[in-house]
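These notes are about the structure you will find just below.
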Ligand SMILES: Cc1cc2nc3c(=O)[nH]c(=O)nc-3n(C[C@H](O)[C@H](O)[C@H](O)COP(=O)(O)O)c2cc1C
């Protein structure tokens with residue numbers, strides 16, 4: 001998109017031109033400027049909080065990552081899964097033939113947001129060696145995207161946008177054992193694939209039972225900020 005902008009600019013360079021041409025050039029350049037601002041400012045990043053605690057360690061890391069993405073020039077929005085009102089998938093399979101789910105709940109507001117977004121930061125604690133149940137139920141409801149892409153072969157996200165959409169996974173666990181993030185990562189990778197978003201980066205912090213309070217460890221908060229900033233920069237560059 002930016003390449004188009006630069007190509008247009010190179011066509012407008014002379015100063016000894018008729019007033020009509022100058023007016024036309026002025027209009028053209030104004031449109032280009034607005035277009036450029038839209039391209040730069042228009043990148044949207046969603047932060048998805050899987051923890052039921054809105055002020056817990058996961059939430060604090062997500063806030064730092066979102067601040068990083070915002071500082072990199074993105075528009076950010078935080079969604080707390082625990083505050084949403086929806087049911088888990090009932091396998092009614094309405095989405096096999098339709099662009100949405102038959103269940104009329106808060107998921108209906110989420111689908112358009114997840115079609116529009118450019119970047120996604122999923123932040124969650126490990127629960128029972130996977131992700132929290134409500135976050136998993138939310139992901140299951142994205143079967144709407146799965147059916148469109150894999151069954152009806154009419155994906156909501158174009159090939160070009162699929163290549164641009166990027167995801168950062170932030171996950172913390174109480175224990176410090178080798179395979180503590182395996183279950184969560186498998187689910188998140190499957191989810192990102194279904195919604196046409198790349199698994200670009202991750203921040204995995206184990207041993208929270210020892211760490212306890214993330215704010216007492218500035219290096220971890222800084223790591224979240226830097227990951228969020230890098231994600232934002234990769235979208236706005
Ligand atoms: C219901 C529940 C299940 C958990 N299961 C695991 C687990 O299987 N493995 C693990 O390492 N930590 C487990 N934890 C610990 C959390 O991952 C850890 O306390 C984390 O720091 C919570 O983050 P939060 O306070 O931001 O929600 C569990 C915690 C809860 C509440």
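The values are calculated or read from the model by the stated rules, or taken from the named source; none is laboratory data. This is a predicted model, so every value here is computed, not measured. All Cβ positions, glycine included, derive from the backbone under ideal geometry; neighbour counts span all protein chains shown.
Listed here are the residues, each with its yes/no results for (1) within 25 Å of residue 186 (Cβ to Cβ); (2) part of a helix (DSSP H, G or I); (3) outside the structural domain of residue 188 (by TED's automatic domain parsing).
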site	(1), (2), (3)
54	no, no, no
78	yes, no, no
112	no, yes, no
147	yes, yes, no
161	yes, yes, no
Within the range 28-52, restricting to residues that are away from the ligand (no atom under 16 Å from the Cβ) and in a loop (DSSP other than H, G, I, E, B), the one that is modelled with the highest pLDDT is 43
If I filter the range 116-130 for residues that are in contact with a helix residue (DSSP H, G or I) (Cβ under 7 Å, 6 or more places away or on another chain), within 16 Å of the ligand (Cβ to nearest atom) and part of a loop (DSSP other than H, G, I, E, B), do I get at least one hit? yes
Working only within the range 143-178, note down all residues that are within 22 Å of residue 210 (Cα to Cα), out of contact with any helix residue (DSSP H, G or I) (no Cβ under 7 Å at 6 or more places or on another chain) and touching a residue at least 12 places away in the same chain (Cβ under 8 Å). 176, 177
Selection within the range 206-237 - under 16 Å from residue 174 (Cα atoms) and either touching a strand residue (DSSP E or B) at 6+ places or on another chain (Cβ under 7 Å) or not in a helix (DSSP H, G or I) (or both): 206, 207, 208, 212, 213, 217, 220
